[in-house]
Amino acid sequence: MAMVTGLIPILRTALEATTDYTGRTMWFGFAVVRLLALYVSELPWGKLDLDFDCRGNGTSEFCRKACFNEHFSVPVVSLWNSAYVFFVASVLLMELFTSQLRHSLTKASVRKKMAQCEGPLVGAWSSELAHKDLVLDFHRQKVLLLLYLLCVLLRLLGEVSFLYVLFGWHLPLVSGDPIHCSSILCPGPFTCLVRFSAEKRMSLYLLGSLSALLVLTCVVFSLFSIFHYLANCRIRQEQSV
């Protein structure tokens, strides 16, 4: 139910917005797919405390939890959710830029009509313009294109960091090897295992594959935007001169 509740505002924003630009539908599609992947990936991690088992001399519940806290000192699911929030924030940042552009274009159009004729229907003109669809042309909106590339760069950095967390921090935690634990309060030694480690590794591979696909998409879109909108435009300007 919580997952469906989270999907509704994302889908509504993607469908009801009157501003469109290159790749907009795809980014919102990634946001929906990633939310579904998070839901599936979190299932094997839902009972992580119960899946952590220890054996040794004088094993107690206190010592088991102490070994658990020592082994899982890095947050897992909360980092996944934080990475998703960062991705959605980078998508909504572009939406904020486009909404500001729409507001500026609407005000400029209203001022132009006010200068052409006099009348009390300025509010009606403004309302009509606000409900028209706006398709952004990055050939003309260079500043917005640079902001768009900045958003894509933020996503790229976020996904590369997320891949490092998944395979550098989280994957070794569920490698399936025995975990040896000993501390001052619980000298042990204790030998611990994480049950269902294969399912947990599979969830990491799922999130990692989606994140790697996002990295590739960000790189391709950045190169395409730079060549198609910036370099190609400069070539046309030189030819016209």
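The figures follow:
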item	result
Solvent-accessible surface (1.4 angstrom probe) belonging to PHE162, in square angstrom, nearest 10	10 Å²
Under Karplus coefficients 6.51, -1.76 and 1.60, residue-wise ³J(HN,Hα) of the stretch 142-152 in Hz, glycine/proline x	5, 5, 5, 5, 5, 5, 5, 5, 5, 5, 5
Neighbour cut-off at most 12 other Cβ (10 Å), DSSP loop, trypsin sites (Lys or Arg not before Pro), the stretch 137-195	ARG140
Per-selection Rg to Rh, the stretch 51-98 - Cα, Kirkwood hydrodynamic radius	1.40
Per-peptide average of other Cβ atoms within 10 Å, ordering 178-184, 148-154 highest first	148-154, 178-184
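The values are calculated or read from the model by the stated rules, or taken from the named source; none is laboratory data. Remember, predicted model here, so these are calculated numbers, not experimental data. Note that each Cβ is placed from the backbone with ideal geometry, even for glycine, and that neighbours are counted across all protein chains shown. Side chains included, ligands, DNA and RNA excluded: accessible areas come from the protein's heavy atoms. Shrake-Rupley method; radii C 1.70, N 1.55, O 1.52, S 1.80 Å.
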